[in-house]
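Asks: One structure, as C-alpha cells, below. Some questions next.
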Amino acid sequence: MSRYYVRYKSGECETVIRELVNHGKTIYEPSVFPDAVSVACEVVDRSFKNLCLLLKRLNELGYLFQHPEDALVEACSDDVAAIDNVEAQMGVVPLVVRKWYERIKSVDFTQQETQMFSNDGSPCVPVSGLGLNTPLVFLSLPKCLLLQEDLCKQAASVGDDPSHWKRFLPLGAWASNSNPKGFSLASLRVLRCRVLQ
C-alpha cells in the first residue's frame, strides 16, 4: 500500500482527493497511478455501501421509485465493456468514473410521480415530495449515450451547434438551471464533474 490509499483509509479523505485532483493528467504516472486506483476503488466501495443503505431505508419508508429496475444495479462484464465503448467514442473518462461504472451499472432514486402528491394536492405519504429535490441519478452508460444523442438532436433542431454535446456524457439528472449534469470528455483527471454551462 502506498501513501494516498493509507491516508484515505485513515480519514484524510478530502485532503487525499484534493491532492489527487491537483495531479491532473500526471495521475497516470507509474508512481501515482496504482495508489490513485486504490483510492478510486475505495471511494466507489464506500459509495455503494451507502447507496445500499439509502435504498433499504427508502424502501422501508414506502418510497416508490420511478424506475425500480434501475434504482441500484451492480455492473456485470457487459457494463464494464460499455466503458471502453464510451472511451472509444468520446475519449478517456475520469478514473473514479471508470471505477464507478465497473462496479455500479445505474443509480436512479427518482420518485414515482404518483407518490408526489394526492389528487387534492396534499401529501399522501410520509415521503411525498422527497423526490422533488434533485434525485440521485447515474444512468447506465448505454442510456447516457442515448440521452447524449437526444441532446445533439435537440440542439440541431433549434439551429444550435450540437458539437459541444458530442464530448459531454450526461448522467441523467438536471441541475436547478435545467442544464444536464455530466462529464466533459476526454478527461485524464481523477474526478471531474460539472454542469454544462
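Asks: Are any of the residues in segment 145-164 over 21 Å from Asn59 (Cβ atoms), part of a strand (DSSP E or B) and open to solvent by less than 80 Å² (accessible area, probe 1.4 Å)?
Replies: Pass one, segment 145-164, residues over 21 Å from Asn59 (Cβ atoms): 145-164.
Filter once more, so that each one left must be part of a strand (DSSP E or B): none.
Taking every residue of segment 145-164 in turn, none turns out to be over 21 Å from Asn59 (Cβ atoms), part of a strand (DSSP E or B) and open to solvent by less than 80 Å² (accessible area, probe 1.4 Å).
Asks: Output the residues belonging to segment 57-77 that are open to solvent by less than 50 Å² (accessible area, probe 1.4 Å), modelled with pLDDT of 95 or more and out of contact with any Asp or Glu (no Cβ under 7 Å at 6 or more places or on another chain).
Replies: Leu72, Val73
A quick yes/no check of all residues on (1) without any contact (Cβ under 8 Å) to a residue 12 or more places away in the chain; (2) among the aliphatic types (A, V, I, L, M):
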site: Val16; (1), (2): no, yes
site: Gly24; (1), (2): no, no
site: Glu29; (1), (2): yes, no
site: Ser38; (1), (2): no, no
site: Asn50; (1), (2): yes, no
site: Lys56; (1), (2): yes, no
site: Leu61; (1), (2): no, yes
site: Phe65; (1), (2): no, no
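A quick yes/no check of all residues on (1) of a type in the set (S, T, N, Q); (2) open to solvent by 50 Å² or more (accessible area, probe 1.4 Å); (3) assigned to a loop (DSSP other than H, G, I, E, B):
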site	(1), (2), (3)
Ala40	no, no, no
Ser47	yes, no, no
Leu55	no, no, no
Asp79	no, no, no
Asp84	no, yes, no
Trp100	no, no, no
Ser106	yes, no, no
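Asks: Read through the list (1) under 25 Å from Gln111 (Cβ atoms); (2) at pLDDT 80 or above, then give the number of the only condition that Val195 fails.
Replies: (2)
Asks: To continue, here is another question. Look through segment 124-141, keep the residues that are at pLDDT 85 or above and open to solvent by 20 Å² or more (accessible area, probe 1.4 Å), and return whichever of them is farthest from the chain's Cα centre (by Cα).
Replies: Step one: list which residues in segment 124-141 are at pLDDT 85 or above, which gives 137-141.
Then drop every residue that is not open to solvent by 20 Å² or more (accessible area, probe 1.4 Å), which leaves 138-139.
Numbers: Phe138: 4, Leu139: 7 Å.
Per the stated criteria, the residue is Leu139.
Asks: Taking Cys144 as the residue in question, decide whether it is of a type outside the set (D, E, K, R) and at pLDDT below 90.
Replies: It is false that Cys144 is of a type outside the set (D, E, K, R) and at pLDDT below 90.
Asks: Look through segment 165-182, keep the residues that are part of a loop (DSSP other than H, G, I, E, B) and free of Cβ contacts under 8 Å to residues at least 40 places away in the same chain, and return whichever of them is least open to solvent (accessible area, probe 1.4 Å). Before you say what the answer is, go through the steps one by one.
Replies: First, pick out the residues of segment 165-182 that are part of a loop (DSSP other than H, G, I, E, B): 175-179.
In the following step, the residues that additionally are free of Cβ contacts under 8 Å to residues at least 40 places away in the same chain were identified as 177-179.
Values: Asn177: 86, Ser178: 86, Asn179: 46 Å².
If we take residues in segment 165-182 being part of a loop (DSSP other than H, G, I, E, B) and free of Cβ contacts under 8 Å to residues at least 40 places away in the same chain, then Asn179 is least open to solvent (accessible area, probe 1.4 Å).
Asks: Is there any pair linking a residue in segment 79-90 that is closer than 11 Å to Ser140 by Cα to one that is of a type in the set (Asp, Glu) and surrounded by 15 or more Cβ atoms within 10 Å (Cβ to Cβ), with Cβ under 7 Å and at least six apart or on different chains, and which?
Replies: Val80/Glu102; Ile83/Glu102
The values are calculated or read from the model by the stated rules, or taken from the named source; none is laboratory data. This structure is a prediction, so every number in the text was calculated from the model and none was measured. Positions of Cβ are backbone-derived with ideal geometry, glycine not excepted, and every protein chain shown enters the neighbour counts. Keep in mind that these areas ignore ligands, DNA and RNA; they rest on the heavy atoms of the full protein, side chains included. Shrake-Rupley method; radii C 1.70, N 1.55, O 1.52, S 1.80 Å.
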